[in-house]
Amino acid sequence: MDFKFTDQAFENEYPKLVRDNIPALYKARTGKDAKIETIKSDEEFLKFLLKKMVEEARELEYSVKAGNTQEELADIFEIIAAILDLKGWSLEGVARVQKDKRAKNGAFEKRIILLEK
């Protein structure tokens, strides 16, 4: 998959966390160096990962029309993997929490929409 520029406003909010190879891809495409810095603290990194998750969730919403839903889901998986690594958690551990929550609260199988509370 190639790095693509987009016109979505939420994708062009800076500063923003980007994948490791994006600055080099940007330079190859434009001939310009991107202005970057490296996040030092885990707390700040988590803040930017969570902000990136919101951005990717918005992109996922638009992906059905754009035809790149699997690509956007892969981006979300990448953020989840980074958070798991940062926190020292395992995917299996989170899957256990998911299973417990599903047993208590249900899943989304019935496609229920809450209209009022």
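Taken together, the values in this text are just the output of simple stated rules run on the coordinates, not laboratory data. A quick note: this is a predicted structure, and the numbers were derived from the prediction, not measured. Every residue, glycine as well, gets a Cβ built from its backbone with ideal geometry; the counts of neighbours run over all protein chains shown.
Which of THR69, THR38, THR30 has the fewest other C-beta atoms within 10 Å, and how do the rest follow up to the most?
Values: THR69 14, THR38 5, THR30 10.
Listing THR69, THR38, THR30 from fewest to most nearby Cβ atoms yields THR38, THR30, THR69.
Roughly how far apart, in whole Å, are the Cα centres of the stretch 95-117 and the stretch 22-76?
29
Using Cα pairs closer than 8 Å and at least 6 residues apart in sequence, work out the relative contact order for the chain, in percent.
On the way: 42 pairs, mean separation 21.5, N = 117.
Averaging sequence separation for qualifying contacts and normalising by length gives 18 percent for the chain.
What does the charge add up to near ARG102, with Lys and Arg as +1, Asp and Glu as -1, over the other residues with Cβ less than 11 Å from its Cβ?
+2
Aspartates and glutamates near LYS16 by alpha-carbon distance under 18 Å, same-chain residues fewer than 8 away left out - which ones?
ASP7, ASP33, GLU37, ASP42, GLU43, GLU44, GLU55, GLU56, GLU59, GLU72, ASP75, GLU78
For the stretch 57-117, which GluC sites (Glu not before Pro) are in a loop by DSSP, counting at most 11 other Cβ atoms within 10 Å?
Qualifying residues, ordered by number: GLU109, GLU116.
Report ³J(HN,Hα) in whole Hz for each residue of the stretch 102-109, in order, from the Karplus equation J = 6.51 cos²θ - 1.76 cosθ + 1.60 where θ = phi - 60°; Gly and Pro get x.
Computed from phi, the couplings for the stretch 102-109 are 4, 5, 7, 10, x, 10, 10, 5 Hz.
Given springs between every Cα pair under 10 Å in a Gaussian network model of the chain, which of GLY93, GLY31, GLY106 has the largest fluctuation?
Highest fluctuation of the listed residues: GLY106.
Output wanted: per-residue J couplings in Hz (rounded whole) for the stretch 66-82, from phi through Karplus 6.51 cos²θ - 1.76 cosθ + 1.60, θ = phi - 60°, x for Gly and Pro.
Those phi angles translate into 7, x, 10, 4, 5, 4, 5, 4, 4, 4, 5, 4, 5, 5, 4, 4, 5 Hz.
Straight-line reach from LYS87: which lysines fall under 18 Å, measuring Cα to Cα and dropping same-chain residues less than 8 apart?
LYS40, LYS47, LYS51, LYS52
Taking the stretch 71-114, which trypsin sites (Lys or Arg not before Pro) meet the DSSP loop condition and have no more than 15 other C-beta atoms within 10 Å? Write down the numbers at each step before the final one.
Numbers: sites: LYS87, ARG96, LYS99, LYS101, ARG102, LYS104, LYS110, ARG111; in loops: LYS110, ARG111.
Qualifying residues, ordered by number: LYS110, ARG111.
Can you give the longest run of the chain that contains no chymotrypsin sites (Phe, Trp or Tyr not before Pro) sitting in a DSSP loop with at most 11 other Cβ atoms inside 10 Å?
The longest uninterrupted stretch comes out as 6-107.
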